[in-house]
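Before any comments, here is the structure.
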Amino acid sequence: MNDLMGKHIVLGLSGGIACYKSAELCRALIKEGATVQVVMTEAAEHFITPVTMQALSGRSVYGSQWDAREPNNMPHINLSREADAILVAPCSADFMAKLLHGGADELLSLMCLARPIDRVPLLLAPAMNREMWAHPATQRNMAQLQQDGAAILGVGSGDQACGETGDGRMLEPEQLLEDLVAFFQPKLLAGKRVLVTAGPTFEAIDPVRGITNLSSGKMGFAIARAAREAGAQVTLVAGPVALATPRGVDRINVRSALQMLAACEAQAPRADIFVATAAVADWRAADASEQKIKKDGSGLVPQLRFTENPDILHTLAQGERARNGALFCVGFAAESHDLLANAQAKRARKGVPLLVGNIGPATFGLDDNQLLLVDAQGSRELPRASKQVLGRQLIAEIARRLGRHE
Ligand code: C5P
């Protein structure tokens, strides 16, 4: 993907063992389309060499405010003016303390201080021992840095290089990448709560068998991520899929349609937007067996009977919140032909303001798709693109219908 195409990122490294992750982060930023200029403190150079970072970024690394390569001899000014964002990863406890006081005795802190504060965001990825992280001084510094306009990307939890276990690890490169991409997205749904269903459901026949379908869940996960990127609080009710949870999204795992309905009904009273992308099984076994149904050698086959599952989307769309306009419901239709007519009919049947049609066989399990948006005014096509790009476009369309524009 090219989520950072055209962005110029200054990647700052302060001293910490997490510097080894910055090499991977640098690669990930470049793979996503960004250009990366690395700036390192002297302490960082004890952990990883500028040679490594130069080779990965394709640009020579800056480490000193006395670097005479710049014609005006002001790397702190030039580097910070060119940046779309400065990301300090790892940001050590000492470097946080220095930033807090506006210290500027080496290039990285000098450049952070000299950045145009309204135009060039500063993002910090802290990395330190758990005691250092929990210390009131660090927590105080972090709160003050946020007040001063820096974005703190949080820390991970787990084993630390020192042998202890707890909070304070630097986030993984792919997590930092996801956070940075999200940072650049317009906050169209700030303050909104979004509920998304995704994936298939699994309807048990007995404890070891069941019926399900081939839904990958990718479209729903992409929509949940896009809603989060847009600043919403997102709950994702997911059927059985092995996809990673998007950063910052609350996930509720369910198996059956009945469980999915229960989870959605519990969440709906707080939601402002409901997007139903799940491929809910239409039927479940009428009398699922508590024990495994055994083949007894007689040649007789079990006679399965089915009962209809509740329609989750229709149920929520008929609820009081949806009817008085407090819950905006969006449905999906996976069709094989006559997309427009089928989507229009489904919109009416489900009683939702917006229905999104797609051709099922052309998108099942893939990373891209093509959508047809159908509402009371007419229809609009979103041409083939990655599900993540389409998810963002759909979120923008929903936001527009709620009166929010970029
Ligand atoms: O009726 P059909 O399954 O084609 O409708 C698809 C839309 O309805 C999707 O948005 C899907 O998530 C939702 N749906 C649901 N509960 C069902 C069946 C479908 O929420 N039992």
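The values are calculated or read from the model by the stated rules, or taken from the named source; none is laboratory data. Owing to the predicted nature of the structure, the values given are computational and were not obtained by experimental measurement. Backbone-built Cβ (ideal geometry, glycine too); neighbour counts: all protein chains shown. Only protein heavy atoms, including side chains, enter the accessible area calculation; ligands, DNA and RNA are left aside. Shrake-Rupley method; radii C 1.70, N 1.55, O 1.52, S 1.80 Å.
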- Task: Run the dipole for the chain about the Cα centre, Lys and Arg Cβ at +1, Asp and Glu Cβ at -1, nothing else charged, and hand back the magnitude in debye, nearest 20.
- Result: 1100 debye
- Query: Taking amide H positions as placed 1.01 Å from N in the peptide plane, with prolines and chain starts having none, which residues 5 or more places from Phe332, or on another chain, fall under 5 Å of its amide H?
  - Reply: Ala276, Val356
- Task: Extending each Cα 7 Å along its Cβ direction at Gln144 and Asn253, get the distance between those two points in nm, one decimal.
- Result: 4.3 nm
- Within the accessible area of the chain (1.4 Å probe), percent carbon and sulfur: 51 percent
- Note on the structure: the chain: spread of alpha-carbon positions along the three principal axes, whole Å, largest first, is 82, 55, 38
- Can you give the calculated 222 nm mean residue ellipticity of the chain, where each DSSP H run of n ≥ 4 adds -39,500 (n - 2.57) and the sum is split over every residue, rounded to the nearest 500 deg cm²/dmol? -9500 deg cm²/dmol
- Item | the range 8-184: antiparallel DSSP beta bridges as a percent of all, rounded to 5 | 20 percent
- Message: Of Pro310, Ser289, Thr49, which is farthest towards the positive pole of the chain's charge dipole, taken about the Cα centre with +1 and -1 on the beta-carbons of Lys, Arg and Asp, Glu respectively?
- Response: Pro310
- Query: Rounded to the nearest whole Å², what accessible area per residue is found for the chain with the 1.4 Å probe?
  - Reply: 47 Å²
- Query: Mind listing the phi-derived Karplus ³J(HN,Hα) values for the range 391-400, rounded to whole Hz, using 6.51, -1.76 and 1.60 with θ = phi - 60°, and x for any glycine or proline?
  - Reply: x, 5, 5, 5, 4, 5, 5, 5, 4, 4
- Query: Can you give the % of DSSP beta bridges in the chain that are antiparallel, to the nearest 5?
  - Reply: 35 percent
- Message: Please give the charge dipole size of the range 8-184, origin at the Cα centre, charges +1 on K and R Cβ atoms and -1 on D and E Cβ atoms. Round to the nearest 20 debye.
- Response: 240 debye
- Message: So if I take the centroid of the Cα atoms in the range 1-52 and the same for the range 255-279, what is the distance between those two points in Å?
- Response: 40 Å
- Pick out, from Ala242, Thr363, Ser14, the residue whose Cα sits farthest towards the positive end of the charge dipole of the chain, with +1 on the Cβ of Lys and Arg and -1 on the Cβ of Asp and Glu. Thr363
- First measure r as the distance between the Cβ atoms of Arg305 and Asp167, then evaluate 1/(1 + (r/R0)^6) with R0 = 51 Å and state the FRET efficiency to the nearest 0.05. 0.45
- Pull up all non-local amide H partners of Asp206: gap of 5 or more, or a different chain, and H-to-H distance under 5 Å with H placed in the peptide plane. Ser289
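Holding the Cα-Cα limit at 22 Å, pick out from Lys7/Lys187; Lys21/Lys192; Lys98/Lys187 the pairs that are longer than that.
From the list (Lys7/Lys187; Lys21/Lys192; Lys98/Lys187), the Cα-Cα distance tops 22 Å for Lys21/Lys192; Lys98/Lys187.
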- Task: Report the full-extension gain for the segment Ala362 to His405: residue separation times 0.36 nm, less the Cα-Cα distance, to one decimal in nm.
- Result: 12.4 nm
- Task: Using label points projected 7 Å from each Cα along Cα→Cβ, tell me how many nm separate Ala341 and Ala286, to one decimal.
- Result: 3.4 nm
- Task: Report, ordered by chain and residue number, the aspartates and glutamates lying within cross-link reach of Lys294, taken as a straight Cα distance under 16 Å and ignoring same-chain residues fewer than 8 apart.
- Result: Asp206
- A correct Karplus calculation of ³J(HN,Hα) over the range 108-123, with 6.51 cos²θ - 1.76 cosθ + 1.60, θ = phi - 60°, whole Hz and x for Gly and Pro, returns 5, 5, 4, 5, 4, 5, 7, 5, x, 5, 7, 10, 10, x, 10, 10
